[in-house]
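Here is the structure we will look at.
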Amino acid sequence: MDRPIRILIAEDHEVVREGLAAILNMQQDMTVVAHAANGQEAIQAYKKERPDVALLDLLMPGVSGVDAIIGIRKDFPKAHIIVLTTFDGDEDIYRALRAGARAYLLKETSRNDLLETIRAVHRGEHRIPADVAARLAERLPASELTKRELDVLQQIVKGKSNKEIADALGITEGTVKYYVNIILSKMGVSDRTEAATTALKRGLVHLD
């Protein structure tokens, strides 16, 4: 029998992490070699253990899942990484795949699909379920927001006024109004409330 697939699990919820490990360790061709509770731990664990496949959540404290993917692939560009998350927004999917993830699964996926995806990614394949691919197709590349626009959008989602946004970001109210108009135009929405709900749905920003 070939050597088992060595797996790293990065997930900030201990119960989920331990549950995944139990499922994977039950497989004859898999073994969990490392756990991580955040993105920084994931990067360090990857460097130490050099797993065959890494399972990463997206939203973790400190270093995010996407930043962890970038950090891992900086030193290991051929790393086989699977995102396993609750977030199905087109922007979340886009960022993860752009960072180098080879598969994107939602936590509601079946056990068999998870196991088969791990084996497929280990073989060097990419796996994007049809429903995830459909969400990704909704993304309009031309509507991509700049970092500053995302900063303003994050404040809008928090319910901040133009003055509060200006104070938080160290810019003038006039500049805030300018950015708000650009954001509404790029997102194709009519007001701040619609911008906030659309941003959360698509994964453009997340609530802390």
Checklist outcome for this item: Considering residues that are over 22 Å from ALA120 (Cα atoms), buried (at least 20 other Cβ atoms within 10 Å of the Cβ) and of a type in the set (Val, Ile, Thr), the number found within segment 34-69 is 1
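Working carefully through the options GLU149, GLU173, GLU194, find the one that is acidic (Asp, Glu) and closer than 24 Å to ALA134 by Cβ. Show your work before the answer.
Working: GLU149 fails: closer than 24 Å to ALA134 by Cβ; GLU173 fails: closer than 24 Å to ALA134 by Cβ.
The match here is GLU194.
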Next on the checklist: Take GLU125 and tell me if it is assigned to a helix (DSSP H, G or I), surrounded by 12 or more Cβ atoms within 10 Å (Cβ to Cβ) and not small (Gly, Ala, Ser).
Outcome noted: no
Next on the checklist: Condition (residue is assigned to a helix (DSSP H, G or I), buried (at least 19 other Cβ atoms within 10 Å of the Cβ), outside the structural domain of GLY65 (by TED's automatic domain parsing) and without any contact (Cβ under 8 Å) to a residue 40 or more places away in the chain) applied to segment 184-204: is it met by at least one residue?
Outcome noted: no
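Kindly indicate which of GLN154, GLN44 is closer than 21 Å to ARG17 by Cα and modelled with pLDDT of 85 or more.
After ruling out the rest, the residue left standing is GLN44.
The values are calculated or read from the model by the stated rules, or taken from the named source; none is laboratory data. Note that the structure is predicted; figures quoted are calculated from it, not measured. Quick reminder, even Gly has a Cβ in these numbers, built from the backbone with ideal geometry, and neighbours come from all protein chains shown.
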